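Have a look at the structure below, then the notes.
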Amino acid sequence: MRGSRTGVDGEPRLVLTGPRFAGLLVAASVAVAAVAAHVAVKVPAGPTGRGLVISDVEPLAVRAGRAGAVARVLVEDGADVAAGDVLLTLDTRALDAELALVKAEAEAAQRRLADIRREADAVRAMIDRRVVERARLDTLDEARTAVAREADALNARIARAEAELARAVVRSPAAGRVRAPRGLLAGGSVEPDTLLFEILPATERVAVEARLPVSAGALLHHGAPARLSLTPAGALLPRTYAARVVWIAPAPEVDGARAEPLVRVRLQLLGPAPGRDRAVASELMVGSTVAVLLPAGEVSLIEDIATPLRQGLSHVAALRGEELPKP
């Protein structure tokens with residue numbers, strides 16, 4: 001039987017029929033077996049599942065340090081910020097006016113205090129010449145003490161007002177991404193300790209939420225080792241990471257697409273697994289899907305690769321009513 005036909009566009013098409021397909025199956029099977037016989041590299045084997053990369057950091061809460069009306073909101077939800085960036089300011093017009101008044105009073109008190117000191121110095125000179133009585137100096141000392149107390153009180157009010165002004169400027173405590181609640185707008189009011197923002201710190205620390213078959217049995221326990229693998233865009237081979245189980249759901253979940261129930265687990269990333277590319281954890285981007293394996297033993301590397309290939313060829317052969325030759 002010929003192995004080529006002409007398509008609707010007149011171009012020749014290769015059709016694997018009869019002997020040709022059987023020959024391909026034989027060649028593939030022999031190649032797999034031949035390579036497998038000479039490759040001794042071992043890789044872990046065991047129950048597998050799929051996982052989703054999530055952030056492994058808790059957001060930092062940014063709360064209002066004082067009550068007031070919102071003057072400006074300087075960031076939007078999802079914005080990237082650096083530590084110390086201004087996120088929001090409160091209306092401080094009344095406080096600014098009060099602070100200016102208190103500062104003016106404090107300056108006046110300092111001027112009176114300076115006048116009293118100069119007069120006291122002059123009175124001391126006159127006392128030495130017996131021109132005035134010492135009682136005058138005592139009166140000035142009392143006045144100086146009173147004005148000094150007044151100046152101290154005014155300075156304390158200034159410090160409190162400036163601290164209030166500082167709390168009216170809300171800054172990011174760390175570099176990261178902003179989560180802003182809805183309804184936070186200029187003109188609105190806030191109370192002390194009101195949650196204004198959350199900052200998801202800029203970090204490469206991630207975790208994986210996965211679903212694994214309940215048949216994993218004794219392999220699935222707190223602290224159990226796991227292997228994560230992911231093929232980054234543009235890479236030919238998967239990156240492999242070591243992890244461990246840190247949380248197991250109390251009850252399995254039934255997935256309509258699978259006959260076997262699945263157990264939801266959380267995996268903590270430990271770092272790249274030995275013997276693989278030591279890619280940085282930033283390759284495990286939040287939202288990426290990874291393959292998860294609970295090591296239960298080892299198989300040869302080529303067997304790990306060849307088994308799916310052989311299964312695929314067997315499936316195609318069964319559809320054609322043919323049998324995959326044994327190597």
If we keep only residues of the stretch 87-109 that are closer than 14 Å to ALA151 by Cα and loosely packed, with under 15 Cβ neighbours inside 10 Å, then the residue farthest from the chain's Cα centre (by Cα) is ALA108
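For the stretch 9-106, which strands (runs of 3 or more DSSP E) that fit wholly inside it have 3 or more residues that are farther than 30 Å from LEU269 by Cβ and at pLDDT 90 or above? Don't jump to the end; show me each part of the working.
Details: elements: 12-14, 42-45, 48-55, 60-63, 68-73, 86-90.
The strands (runs of 3 or more DSSP E) meeting that bar are 68-73, 86-90.
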Exactly one of VAL208, VAL190 is surrounded by 14 or more Cβ atoms within 10 Å (Cβ to Cβ), over 25 Å from the mean Cα position of the chain (by Cα) and at pLDDT 90 or above, and that residue is VAL190
Those residues of the stretch 233-281 that are out of contact with any helix residue (DSSP H, G or I) (no Cβ under 6 Å at 6 or more places or on another chain), assigned to a loop (DSSP other than H, G, I, E, B) and modelled with pLDDT of 85 or more come to a total of 1
Being crowded, with 16+ Cβ neighbours inside 10 Å and either small (Gly, Ala, Ser) or assigned to a helix (DSSP H, G or I) (or both) narrows VAL123, VAL178, VAL170 down to just VAL123
_On the basis of being under 21 Å from ALA64 (Cβ atoms) and among the acidic types (Asp, Glu), does GLU162 make the cut?_
yes
If we keep only residues of the stretch 126-137 that are of a type outside the set (Val, Ile, Thr) and surrounded by 11 or more Cβ atoms within 10 Å (Cβ to Cβ), then the residue modelled with the lowest pLDDT is GLU133
All conditions in (1) at pLDDT below 85; (2) more than 15 Å from GLY46 (Cα to Cα) are true of ASP304 except (2)
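Suppose we filter ALA235, ALA251, ALA218 for residues that are hydrophobic (A, V, I, L, M, F, W, C) and within 26 Å of the chain's Cα centre (by Cα); which single one remains?
On the way: ALA251 fails: within 26 Å of the chain's Cα centre (by Cα); ALA218 fails: within 26 Å of the chain's Cα centre (by Cα).
Unique residue meeting the criteria: ALA235.
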Taking the stretch 110-141 and keeping only residues that are within 57 Å of the chain's Cα centre (by Cα) and among the basic types (Lys, Arg), one is left with ARG111
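The values are calculated or read from the model by the stated rules, or taken from the named source; none is laboratory data. Just so we're clear, the structure is a prediction, and the values are computed from it rather than from any experiment. Every residue, glycine among them, receives a Cβ derived from its backbone with ideal geometry; neighbour counts consider all protein chains shown.
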